[in-house]
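Here, each number is a calculation from the coordinates, and none is a lab measurement. Note that the coordinates shown come from a computational prediction; the quantities given were computed from them, not determined experimentally. Heads up, the Cβs are rebuilt from the backbone with ideal geometry, glycines too, and the neighbour counts pull from every protein chain shown.
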Amino acid sequence: MRRSAELALWALFFIFAMPLVAFAEGDVSDTAVATGLPYMGYAIGAGIAIGFAALGCGVGQGILAGNTTAGIARNPGATGTMNTPFILGMVLIESIAIYGLLIALLLWLKIP
């Protein structure tokens, strides 16, 4: 566990630090504006927003579907009473993914 956490930290370091080193040549103000470095945070934020939204919704839908299926398997007569809350739960979980997509698009559109 410790080894994988260390590997993940090094990977994040290289992902976020290497572009800064690559664009550090010359006058910083001109190069930063020309390469879009001031807007790099928007792109990273958009990726993180949609990634976490998709991850959370996928896990939530899997848990909801598994528990509903297990409940119907234990008591097949309760299918009618479990179906409506199941569909409502799926819709509410999916709306979280749509909000994550909306936030990602808003951040992405701020990049010129």
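What are the ³J(HN,Hα) values, in whole Hz, obtained from phi via the Karplus relation 6.51 cos²θ - 1.76 cosθ + 1.60 with θ = phi - 60°, for each residue of segment 49-55 in sequence order, with x given for Gly and Pro?
3J(HN,Hα) across segment 49-55, in whole Hz: 4, 6, x, 5, 5, 5, 5.
What ³J(HN,Hα) values, in whole Hz, does the Karplus curve 6.51 cos²θ - 1.76 cosθ + 1.60 give for segment 64-70 when θ = phi - 60°, with x put for Gly and Pro?
So the J values, rounded to whole Hz, are 5, 5, x, 5, 5, 5, 5.
Any chance you could list P(r) for segment 38-112, counting all Cα-Cα pairs in 5 angstrom bins from zero, rounded to whole %?
Over segment 38-112, the share of Cα pairs per 5 Å bin runs 3, 17, 19, 15, 12, 10, 8, 6, 5, 3, 1, 0 percent.
Based on the Cβ-Cβ distance from LEU102 to ARG2, what FRET efficiency comes out when R0 is 41 Å, to the nearest 0.05?
Working from the Cβ atoms, E equals 0.65.
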